[in-house]
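Here's the structure, in structure tokens; my notes come after.
The values are calculated or read from the model by the stated rules, or taken from the named source; none is laboratory data. None of the values given here were measured: they were computed from a predicted structure. Cβ placement follows ideal geometry from the backbone for every residue including glycine, while neighbour counts extend to all protein chains displayed. Heads up: the accessible areas ignore ligands, DNA and RNA and are worked out on the full protein's heavy atoms, side chains in. Shrake-Rupley method; radii C 1.70, N 1.55, O 1.52, S 1.80 Å.
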Amino acid sequence: MRAQNFALFDTALGPCGIVWTSRGIAGVNLPEGSEEKTRARVKKRFPDAVESAPAADVQKIIADVVALIAGEKIDFSYVMLDHAPLPEFSQRVYEIVRTIPIGHTLTYGDIAKRLGDVSLSREVGQAMGRNPTPVIMPCHRVVAANGKTGGFSAPGGVYTKMALLSIERRHGDHSPTLFDEDAAFRFAARKA
């Protein structure tokens, strides 16, 4: 088993966690409400991970996560992920999801079509629910048909998904809407 390390870091949404190995980033944990809760969640997901000071390459990824959540346009395609224990199907889904540009979305059905079979939409959703590296592997950019949000298994559920989409929406090819402001407001109010 590869050694796992983790660190916590602050973002505009709250304290996040990141787990890495010698092969890449193995996990990202979105805010749980407090640093203690976020640490406990990281330890539950990665019980062998040791809290450590991140090396320069991991520190750059942390800085980019912080910047994305603060509203900057960040491309995470440079980040090596350590998804080795995940099923091959999930890894194929994640390869597609990583290509969704900031400010844009695809539906579960869009991804299933790219995999060659629209009937795989449910399996795509299940793969999204198992995503160990949210934000870097942007599962929040995958939505249900007809503009519905779909689920989000990260802490905060759909509220977190909507907050991330609202933050990123300014980088898309559309004008901001009242909905964008409303989602960000509801998330901020929920956090308070």
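Were the residues from F89 through A56 laid out at 0.36 nm apart, the gain over their Cα-Cα distance would be 8.7 nm.
Which percent of the accessible heavy-atom area of the stretch 59-100 goes to carbon and sulfur, probe 1.4 angstrom?
On the way: 1200 of 2110 Å².
The computed percentage sits at 57.
Extents of the stretch 1-69, largest first, come to 33, 24, 15 Å (Cα atoms, principal axes, whole angstrom). Other residues lying with their Cβ under 11 Å from the Cβ of L86 contribute a combined charge of 0, Lys and Arg counting +1, Asp and Glu -1.
How long is the gain from R45 to A145 if the chain were fully straight, where each residue apart is worth 0.36 nm and the alpha carbon distance is subtracted?
Values: separation 100, 0.36 × 100 = 36.00 nm, distance 3.04 nm.
Computed gain between R45 and A145 is 33.0 nm.
So if I place +1 on the C-beta of Lys and Arg and -1 on the C-beta of Asp and Glu, and nothing else carries charge, what would the dipole magnitude of the stretch 1-93 be about its Cα centre? I want it in debye, nearest 20. Walk me through the numbers on the way to the answer.
Details: 11 positive and 12 negative charges, 56 e Å.
That gives the stretch 1-93 a dipole magnitude of about 260 debye.
With a/c under 1.5 counting as rounded, go ahead and sort the stretch 1-120 into rounded, prolate or oblate using the C-alpha gyration tensor (a ≥ b ≥ c being the square roots of the eigenvalues; past the cut-off, prolate if a/b is larger than b/c, else oblate). Prolate, since a/c reaches 1.5 and a/b exceeds b/c. Considering only S34, N5, L68, the residue lying farthest towards the positive end of the dipole of the stretch 1-81 is N5, judged by Cα position with unit charges set on Cβ. Sparse packing (at most 12 other Cβ atoms within 10 Å of the Cβ) combined with a DSSP loop state is found for the following chymotrypsin sites (Phe, Trp or Tyr not before Pro) in the stretch 1-91: Y78.
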